[in-house]
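Each remark here refers to the structure printed beneath this line.
The values are calculated or read from the model by the stated rules, or taken from the named source; none is laboratory data. Since the model is a prediction, treat every value here as computed from it, not as a measurement. Here the Cβ positions follow ideal geometry from the backbone for every residue, glycine too, while neighbour counts run over all protein chains shown. Please note that ligands, DNA and RNA were not included when accessible areas were found on the heavy atoms of the full protein model with its side chains. Shrake-Rupley method; radii C 1.70, N 1.55, O 1.52, S 1.80 Å.
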Amino acid sequence: MWRATILTLFPEMFPGPLGLSLAGEGLAGGLWSLEARNIRAHGLGRHRAVDDTPAGGGPGMVMRADVLAAAIDAAAPADDARPRLLMSPRGAPLTQKRVREFVAGEGVVILCGRFEGVDERIIEARALQEISIGDYVLSGGEIAAMALLDACVRLLPGIMGEATSGEEESFESGLLEYPQYTRPRDFEGRAIPDVLLGGDHAKIARWRHDRAVELTRARRPDLLARRGGEER
Ligand code: SAH
């Protein structure tokens, strides 16, 4: 079973949205597991402190390396093969390719930062891979971890209804997805494109591919450039 372990100061945030819909049904059905562990259990002193002021001064608080090390070691012993991730705006951008790699493994261990972030030494000492979900700053890593888990879990075997759904989606081919339509045939004077109702599957596939390229060129030329030279 694919296992997710989350280290957080707010374990009550989980499973949250991951307890509903596809991910939630998969969780209830034993297709994956989620354990949210409270970092504060490893906090120091009477107040279970997990953070302290930044060395060198500056605003906010920094999560202590010794506390985080204890939390990580209790959750994932050295022989645990799962990647150890730190949600971080400085991290490598999360991509569908990266999601596929996580899904192919045994699961993930995710450390969620709070305050100004974590002491740099824990990243080195526990070989944490920093992952970002975008170029903006959240107040904590929990929502970022949920985004990562949601992207992974929907790809696990047995979660999505049709085994093939997912393969034609945005980013899987290096393109954004083509436009989708459903009933009614006419909506406020806007018709579904004729080609989609004609039943010629080769023609439909070509139309969809062309629209996908067009959309990608208009909105995300960086994706087309990255795709350049690849087979697909
Ligand atoms: N001072 C830090 C930001 C800390 S935000 C900086 O400037 O880089 C607090 C926590 O929220 C971070 O430790 C991280 O776990 C999480 N976080 C914030 N933005 C994120 C993003 N874009 N992707 C992933 N995690 C993020």
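Could you work out the per residue convex hull volume over the alpha carbons of the stretch 38-158, in cubic angstrom? Display every interim value, and only then the final one.
Numbers: hull volume 14.1 nm³, N = 121.
Cα convex hull per residue, to the nearest whole number: 116 Å³.
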- prompt: Which of the peptides 3-10, 215-222, 19-26 is most tightly packed, and how do the rest follow, going by the mean number of other Cβ atoms within 10 Å of each residue?
  reply: 3-10, 19-26, 215-222
- request: May I ask you to work out the translational diffusion coefficient for the chain at 37 °C, viscosity 0.692 mPa s, via Stokes-Einstein with Rh from the Kirkwood sum over Cα pairs, reported in whole µm²/s?
  value: 162 µm²/s
query: How much of the calculated P(r) for the stretch 168-232 lies past 15 Å, in percent of all Cα pairs?
result: 57 percent
- request: Within the stretch 112-202, list the GluC sites (Glu not before Pro) lying in a DSSP loop whose Cβ has at most 15 other Cβ atoms in a 10 Å radius.
  value: 116, 162, 167, 168, 169, 172, 188
- prompt: Helix 142-153 versus the longest principal axis of the chain: what is the Cα-based angle in degrees, 0 to 90, to the nearest 10?
  reply: 50 degrees
- request: Sorted from largest down, give the three principal axis spans of the alpha carbons of the stretch 13-105, whole angstrom values.
  value: 45, 31, 29
query: Using a 1.4 Å probe on the protein chains only, how many percent of the accessible area of the stretch 123-194 belongs to carbon and sulfur?
result: 51 percent
For the chain: accessible area per residue (Å², 1.4 Å): 58 Å²
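So if each residue of separation counts as 0.36 nm, and I subtract the Cα-Cα distance between residue 197 and residue 97, what length gain in nm does that give?
Full-extension gain reported as 32.7 nm.
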- prompt: Net charge near residue 191, counting Lys/Arg +1 and Asp/Glu -1 over other residues with Cβ under 15 Å of its Cβ?
  reply: 0
